[in-house]
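Below you'll find the structure, written out as structure tokens, and then a few comments.
The values are calculated or read from the model by the stated rules, or taken from the named source; none is laboratory data. Quantities reported herein were computed from a predicted structural model and do not represent experimental measurements. Cβ placement follows ideal geometry from the backbone for every residue including glycine, while neighbour counts extend to all protein chains displayed. Just so you know, the surface numbers come from the protein's heavy atoms only, side chains and all, with ligands and any DNA or RNA stripped out. Shrake-Rupley method; radii C 1.70, N 1.55, O 1.52, S 1.80 Å.
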Amino acid sequence: MSDSRYAVYLAPPPDSDLHATASALLGRDAYTGEAPRPPLLDGITPARWTEITADARGYGFHATLKPPFRLAAGTDLKQLETTVAQFAATRTAFEGPPLILRAISGFLALVPERPDPRIEQLAADCVRDFDRFRAPPSEAELARRRKAGLTPRQDEYLLRWGYPYVMEEFRLHFTFTCRLDEAERNQVAAALRPHVDRFAAEPLRVDALVLFEQSGAGAPFRILQRFPFGG
């Protein structure tokens, strides 16, 4: 079985201010693979910033809809691409709430300033509609997820959908950092705000699904294709 994993995410278009800003901050562009030098952040050394953004940089700037999965037996990438394209063609673009910087379970991310049922429904539909392409997780993967201390409902979702934070457990977020203690989290948030606060003044445009690929364990995720809504 291939080691490649795929995921369906929200990600801003490559020519957008949000993509340019976030890619610069993370130090990697998931569309091109280029590694821009992050801006200097007040009070944060470049070495520490590189360390605390390592996971987010590897995944590329995104918000999860269908979490990463290996292809199920009897399916292939071409079939997945066709299905995502057909799904996207039936959707209508919309403007969601603006993004604001918040802490989620100890890490810093951009999140919608308020819940949006349209986003939640889109995520649930992606989880369901693309699930036939998902190979079941290994026992090692299940054990790794359970180390986080899942609730009974989250464990149920892990077994059913391969990921615990779906359906009513889902919350859209574009991650910047790993988990930080409160003091450092506050310091990093203050340093990030001058770069990201302007996105609180404009709606989040939800107008496409983006298919990401990870070619093997430890490899960075890269964008394969963007599928606009409405074809």
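At-a-glance table
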{"read-out": "Cβ charges +1 (Lys, Arg) and -1 (Asp, Glu), total dipole of the chain, debye", "value": "340"}
{"read-out": "Extension reserve of the GLU113-LEU142 stretch, reckoned as 0.36 nm per residue once the Cα distance is removed", "value": "7.3 nm"}
{"read-out": "Between helix 152-161 and the chain: long-axis angle, C-alpha atoms, 0 to 90°, nearest 10", "value": "60"}
{"read-out": "Principal-axis tilt of helix 77-89 within the chain, Cα atoms, nearest 10 degrees", "value": "70"}
{"read-out": "Probe 1.4 Å, protein heavy atoms only - accessible area per residue of the chain in square angstrom", "value": "49"}
{"read-out": "Interchain or long-range residues, amide H under 5 Å from HIS62's placed H", "value": "THR175"}
{"read-out": "Inter-site label distance for LYS78 and GLU182 at 7 Å from Cα along Cβ, in nm", "value": "5.7"}
{"read-out": "Hypothetical label at GLU168: residues of the range 116-130 whose amide nitrogen lies under 19 Å (7 Å Cα-Cβ projection)", "value": "116-128"}
{"read-out": "Three semi-axes of the equivalent ellipsoid, the range 1-99, Cα gyration tensor, whole Å, largest first", "value": "30, 19, 11"}
{"read-out": "Dipole magnitude of the range 1-111 about its Cα centre (Cβ charges: Lys, Arg +1; Asp, Glu -1), debye to nearest 20", "value": "280"}
{"read-out": "Sulfur and carbon atoms: percent of accessible area, the chain [1.4 Å]", "value": "50"}
{"read-out": "Mean Cα-pair separation over length for the range 93-231, i.e. relative contact order, pairs under 8 Å, 6 or more apart, %", "value": "36"}
{"read-out": "Heavy atoms of HIS195: accessible area, 1.4 Å probe, square angstrom to 10", "value": "50"}
{"read-out": "Whether the range 59-181 is rounded, prolate or oblate, judged on the alpha carbon gyration tensor where a/c under 1.5 counts as rounded", "value": "oblate"}
{"read-out": "Dimensionless Rg/Rh of the chain - Kirkwood Rh, Rg from C-alpha atoms", "value": "0.94"}
{"read-out": "Dipole axis of the chain (+1 Lys, Arg; -1 Asp, Glu on Cβ), positive-most option in THR90, PHE229, SER215", "value": "SER215"}
